[in-house]
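Notes to accompany the following structure.
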Amino acid sequence: MAQPVSIRTLAQWSRGADWRLALPHAEAEHALVWITRGQARILLDGVQRGLGVHNAVAIPAGSVFGLTPGPHCFGWVATIAPRGPIMMPDTAQVLRILEAHNQAELTGLLEAMQRETNRGLPFADEALAAHAALVTVWLRRMMIDHPMPTRPSAAARLVAAYSALVERDFRLPRVMADYAAELGVTPTHLTRACRQSAGLTAGELLVRRTLHAARLALEDGEMPVAHVAASLGFGSAAYFSRFIQHHTGKTPTALRKAARAPRIGL
């Protein structure tokens, strides 16, 4: 069962596998990402952009995103359960914090959450929730002081709508053209918008969302490969196996085995 509040580093959030963050997907919890070293790239709300030091990113639960930290990137991630007493914004936020006192305030709050997690004292969950509430107060204040543009581009709005439909229906046997028809645009127009805003084609976005779900089921779950294939709308286990091998270089069975092999030095 997920904790109402947690604090992790980016590396801990990815659990040592880049694809867990980089492939487009949605999480069940709200997340606040705070970059303190290096650079990263994020696809969020249909827009791909670079992140640097002192960028704060609020990702609402259910929002489709893909986060790729650079080789020297370090950051914190506070996750907060939705529908609870701790308030998080309903829309994604990407804020660049320039003021040293605001930077230090958030870093201090997140480090206090980390200390509380490590100490294991009584009432740690209450202390974490209190710190998280202060983090969200900080976030809402920064949203007032550093407002984002209120009107995304037409391409970004279309890609965000497409991403939401993919998140809803990626387990169904639908192709990209089906989504384009539902959005009332041609596949060519949808692909052009995706390239312009997200840096990927519409087909690539759909494939990558499916691949994230497939790897999650194979590497974390116990469901037989044929059942995983059926749950993701593949017509046959053989087609699913070819899909996995094409995108990972391994068969589904080999991918599952590799993910569960002991890691030397960890």
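Some notes on this structure:
- Qualifying positions in the range 167-213 - more than 23 Å from the chain's Cα centre (by Cα) and either outside any loop (DSSP other than H, G, I, E, B) or in contact (Cβ under 8 Å) with a residue 40 or more places away in the chain (or both): PRO173, ALA177, ASP178, ALA180, ALA181, GLU182, LEU183, PRO187, THR188, HIS189, ARG192
- Any hit, the range 62-72, residues being surrounded by fewer than 17 Cβ atoms within 10 Å (Cβ to Cβ) and in contact with a Gly (Cβ under 6 Å, 6 or more places away or on another chain): yes
- Subset of the range 14-46 (residues that are under 19 Å from LEU95 (Cβ atoms), modelled with pLDDT of 95 or more and either of a type in the set (Val, Ile, Thr) or crowded, with 20+ Cβ neighbours inside 10 Å (or both)): HIS30, ALA31, LEU32, VAL33, TRP34, ILE35, THR36, ALA40, ILE42, LEU43, LEU44
- Some residue of the range 154-177 being of a type in the set (Lys, Arg), touching a helix residue (DSSP H, G or I) at 6+ places or on another chain (Cβ under 7 Å) and modelled with pLDDT of 95 or more: yes
- Selected residue (only one of ALA78, ALA132, ALA127 is crowded, with 16+ Cβ neighbours inside 10 Å and free of Cβ contacts under 8 Å to residues at least 12 places away in the same chain): ALA127
- Boolean, TYR162 is touching a Phe, Trp or Tyr at 6+ places or on another chain (Cβ under 7 Å), assigned to a helix (DSSP H, G or I) and either closer than 23 Å to THR68 by Cα or basic (Lys, Arg) (or both): yes
The values are calculated or read from the model by the stated rules, or taken from the named source; none is laboratory data. Since the structure is predicted, the reported quantities are computational estimates derived from the model, not experimental observations. Heads up, the Cβs are rebuilt from the backbone with ideal geometry, glycines too, and the neighbour counts pull from every protein chain shown.
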